[in-house]
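J.: Provided herewith is a single structure, encoded as structure tokens, for subsequent inquiry.
The values are calculated or read from the model by the stated rules, or taken from the named source; none is laboratory data. Everything numeric in this text was worked out from a predicted model, so none of it was measured. Methodologically, a virtual Cβ is constructed for each residue, glycine included, from the backbone with ideal geometry; neighbour enumeration extends over all protein chains shown.
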């Protein structure tokens, strides 16, 4: 029996170094040095590895301080400002995950200033993982049949298509067709193609032939506990074809186990462009800026309001009040400067307005 794949299904902390080694079928997509685990190990640099199944981080100081985050556990990825001991106020990769009924938040900051690889690579690989679940997940009643033919996945090849195969679910027989490919076993009903099942070899545990009192000799496929531990029975007419089909599925399952295909086919450019080449060339214009022109502070607030994020309050010595922390590296004086000047009162920041005076009327 094949070893269950946990790398993309679990979140693990401080594991033995052998668990950080790539399993069969797992390959490294990118490797980044000087990545800080800002959430749990703020101030520590480490190595960040992106594979086709998970993200791995381990500390430079002690490799036993590590993380393994499977893509199946990730619920959200975002890029937000964070407070790093090594970079100060910088953009970080926020990873929200869930595993074993527990929710987790991870924040990773690239200590190499100006490098977007941490964000672009992780987001692209995670998107590739999400769009290739048919390689890894059992699917019931999916949109996998088009005009009576199986819609093939990338790099998928059909070995046989067998008609006259009955699905024996719910003590009833549904006549349909059975496909065997290099990735999965698929059955669908002839009269209702949306009544189907796709069983990837990754989730297939046993293949056998059993004698049932009601339907006679049947092909029995057992799936993993992670997919519900289904026991699926199929009857083949004529019965002489049943054993060859069972043997073929067993052999294809063994071949897949020896070299699994998890579906994530992602490659980085061999020679990524330097950051300087990615910048837009500067164009000299005939306009000049006033020396006292304030930077666009409100732009950062628009972005944060759209993300529905509030910052912690801090004490403002100028105002003598607790105010929300100003975004980025802006000062409260710069924020105040975005307001239009009042010709009737030019007050320095933090100064009290003059007391009202009364005028006598005759």
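Per-residue answers, yes or no, for (1) under 21 Å from residue 5 (Cβ atoms); (2) modelled with pLDDT of 95 or more:
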residue: 43; (1), (2): no, no
residue: 50; (1), (2): yes, yes
residue: 53; (1), (2): yes, yes
residue: 70; (1), (2): yes, yes
residue: 76; (1), (2): no, yes
residue: 94; (1), (2): no, yes
residue: 108; (1), (2): no, yes
residue: 117; (1), (2): no, no
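J.: Among the numbered criteria (1) under 16 Å from residue 138 (Cα atoms); (2) surrounded by 20 or more Cβ atoms within 10 Å (Cβ to Cβ), which one does residue 177 miss?
T.: The failed condition is (1).
J.: Determine, yes or no, whether residue 265 is exposed (fewer than 14 other Cβ atoms within 10 Å of the Cβ), in contact with a helix residue (DSSP H, G or I) (Cβ under 8 Å, 6 or more places away or on another chain) and modelled with pLDDT under 95.
T.: yes
J.: While we're looking at this one, here's another question. Could you please find all residues in the stretch 236-245 being outside any helix (DSSP H, G or I) and either more than 41 Å from the chain's Cα centre (by Cα) or at pLDDT 95 or above (or both)?
T.: 237, 238, listed by residue number.
J.: Can I ask one more? Hey, any hits in the stretch 86-94 for a residue that's in contact (Cβ under 8 Å) with a residue 12 or more places away in the chain, part of a strand (DSSP E or B) and over 22 Å from the mean Cα position of the chain (by Cα)?
T.: Checked the stretch 86-94: at least one residue is in contact (Cβ under 8 Å) with a residue 12 or more places away in the chain, part of a strand (DSSP E or B) and over 22 Å from the mean Cα position of the chain (by Cα).
J.: Check residue 142 against each of (1) under 19 Å from the mean Cα position of the chain (by Cα); (2) closer than 23 Å to residue 9 by Cα; (3) in contact (Cβ under 8 Å) with a residue 40 or more places away in the chain and name the one condition it does not meet.
T.: (1)
J.: Let me confirm something: among 83, 62, which residue is surrounded by fewer than 17 Cβ atoms within 10 Å (Cβ to Cβ), more than 20 Å from the chain's Cα centre (by Cα) and not in a loop (DSSP other than H, G, I, E, B)?
T.: Step by step, each of 83, 62 is checked, and only 83 is surrounded by fewer than 17 Cβ atoms within 10 Å (Cβ to Cβ), more than 20 Å from the chain's Cα centre (by Cα) and not in a loop (DSSP other than H, G, I, E, B).
J.: To continue, here is another question. Within the stretch 42-49, is even one residue assigned to a strand (DSSP E or B), surrounded by fewer than 23 Cβ atoms within 10 Å (Cβ to Cβ) and in contact with a helix residue (DSSP H, G or I) (Cβ under 7 Å, 6 or more places away or on another chain)?
T.: Within the stretch 42-49, none of the residues are assigned to a strand (DSSP E or B), surrounded by fewer than 23 Cβ atoms within 10 Å (Cβ to Cβ) and in contact with a helix residue (DSSP H, G or I) (Cβ under 7 Å, 6 or more places away or on another chain).
J.: In addition: Return yes when residue 228 is surrounded by fewer than 17 Cβ atoms within 10 Å (Cβ to Cβ), on the phi > 0 side of the Ramachandran plot, in contact with a strand residue (DSSP E or B) (Cβ under 7 Å, 6 or more places away or on another chain) and in contact (Cβ under 8 Å) with a residue 12 or more places away in the chain and no when it is not.
T.: no
Residues checked against (1) in a strand (DSSP E or B); (2) surrounded by 12 or more Cβ atoms within 10 Å (Cβ to Cβ); (3) in contact with a strand residue (DSSP E or B) (Cβ under 6 Å, 6 or more places away or on another chain); (4) at pLDDT 95 or above:
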residue	(1), (2), (3), (4)
214	no, no, no, no
217	yes, yes, yes, no
221	yes, yes, yes, yes
233	yes, yes, yes, no
247	no, yes, no, yes
250	no, yes, yes, yes
256	no, yes, no, yes
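J.: Then there is this: Which residues, taken from the stretch 139-158, are assigned to a strand (DSSP E or B) and either touching a helix residue (DSSP H, G or I) at 6+ places or on another chain (Cβ under 7 Å) or under 21 Å from residue 228 (Cα atoms) (or both)?
T.: Result: 139, 140.
J.: Could you tell me which of the residues 127, 117, 136 is touching a helix residue (DSSP H, G or I) at 6+ places or on another chain (Cβ under 6 Å) and under 30 Å from residue 92 (Cβ atoms)?
T.: 136
J.: Could you look through the stretch 1-32, keep only residues that are touching a strand residue (DSSP E or B) at 6+ places or on another chain (Cβ under 7 Å) and without any contact (Cβ under 8 Å) to a residue 24 or more places away in the chain, and pick out the one that is surrounded by the fewest Cβ atoms within 10 Å (Cβ to Cβ)?
T.: 28
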